[in-house]
1. E115: under 17 Å from W46 (Cα atoms) and part of a helix (DSSP H, G or I), yes or no?
2. Does G13 satisfy the criteria of being over 17 Å from F263 (Cβ atoms) and of a type in the set (G, A, S)?
3. F196 fails exactly one of the following numbered conditions: (1) aromatic (F, W, Y); (2) more than 16 Å from the ligand (Cβ to nearest atom); (3) farther than 25 Å from A43 by Cα. What is the number of that condition?
4. Counting only residues that are at negative phi and surrounded by fewer than 16 Cβ atoms within 10 Å (Cβ to Cβ), how many does the range 203-221 have?
5. Considering only the range 23-54, how many residues are closer than 12 Å to Y257 by Cβ and either in contact with a Lys or Arg (Cβ under 6 Å, 6 or more places away or on another chain) or open to solvent by less than 10 Å² (accessible area, probe 1.4 Å) (or both)?
6. Quick one: which helices (runs of 4 or more DSSP H) sit completely within the range 157-258 and have at least 2 residues that are touching a residue at least 40 places away in the same chain (Cβ under 8 Å) and β-branched (V, I, T)?
7. Restricting attention to the range 251-269, which residues are within 16 Å of the ligand (Cβ to nearest atom) and not acidic (D, E)?
8. So which residues in the range 124-138 are assigned to a helix (DSSP H, G or I), closer than 18 Å to F96 by Cβ and over 17 Å from the mean Cα position of the chain (by Cα), if there are any at all?
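The values are calculated or read from the model by the stated rules, or taken from the named source; none is laboratory data. Values in this document were obtained by computation on a predicted structure and should not be read as measured data. Neighbour counts are summed over all protein chains in view; Cβ atoms, including those assigned to glycine, are modelled from backbone coordinates with ideal geometry. Each accessible area value is taken on the protein alone, full model and side chains, heavy atoms only, with ligands, DNA and RNA left out. Shrake-Rupley method; radii C 1.70, N 1.55, O 1.52, S 1.80 Å.
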Amino acid sequence: MPNRSSSPVFVVGDVHGQCERLIGLLRDAGLLDGDLGWSGADASLWLMGDFFDRGPDGIGAVELVMRLQRQAPRTGGRVDSLLGNHEPLLLGAKRFGAEPGLSSGPGGTFASDWERNGGVARDLEKLTPEIKEWLTSLPALALVGDALLVHADALFYREYGGTVAQVNQNVAAVLRGADPAAWDRLLDQFSERDAFNGAGGEETAREFLESFGSGTATRVVHGHTPISRHSGQRPEEVTAPLLYAGGLCVNVDGGMYLGGPGFVFEVEGLG
Ligand SMILES: [Mn+2]
């Protein structure tokens, strides 16, 4: 183990209902004991959002993370998650359902937009007020050590504010509000991807870090776009994050819903 001046930080990419795989990953990383309790001591664990859809048990994954979040502080640890786009997809389906004319998406309603994005009926059925409140409170952006954590490789976050705190506040205000047009806009924006990929990607990433990095973040860590889409690997072969954009971006979406085994990424350079 390298010498540390602070406790380790681990990141897990988009789970998309693969609760059993998440459990296996956390166990293998020493963060979870045999009784599914926190065993990560003073480590931090961040989920990147997109717990739901395309896989069997998104609610189970959220319940696990919520429980670990309560347990981890007892040993000086911390568990947290970003907001992905599949959280507002599910919440929108719950809130606006099949009411016509509210969504500009291909489904025409929030319920059908969610279904078209892999919605699983059981997740909607098991969405309790407590889970709904937890999901609504998730931050869109987080500064963790030298990393800027963001779910999507997209730039729309800038339209919600000029700082991490402003963006988190304004995105949460949409989810706490009852304006379907604001929800629709957020979901539309949240489907963007590939902002840091290809020609100009490095410069765009640099600007994004200058905007939200508080002068301390040196790289963007994101999920949302399965690594196999960029690397050309088969999803089953993806076992590590993808560093790109001149080293300014780290993609941690192992594409678990595509059959990827997933991985736990330890963010280095902290403290
Ligand atoms: Mn996503």
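1. Taking the combined requirement at face value, the residue does not satisfy it.
2. No, not satisfied.
3. Tallying (1) aromatic (F, W, Y); (2) more than 16 Å from the ligand (Cβ to nearest atom); (3) farther than 25 Å from A43 by Cα, F196 fails exactly one: (2).
4. 5
5. Result for the range 23-54: 4.
6. Of the helices (runs of 4 or more DSSP H) lying wholly inside the range 157-258, those with at least 2 residues that are touching a residue at least 40 places away in the same chain (Cβ under 8 Å) and β-branched (V, I, T) span 164-176.
7. Within the range 251-269, N251, V252, G254, G255, M256, Y257, L258, G260, G262 qualify.
8. L124, E125, P129
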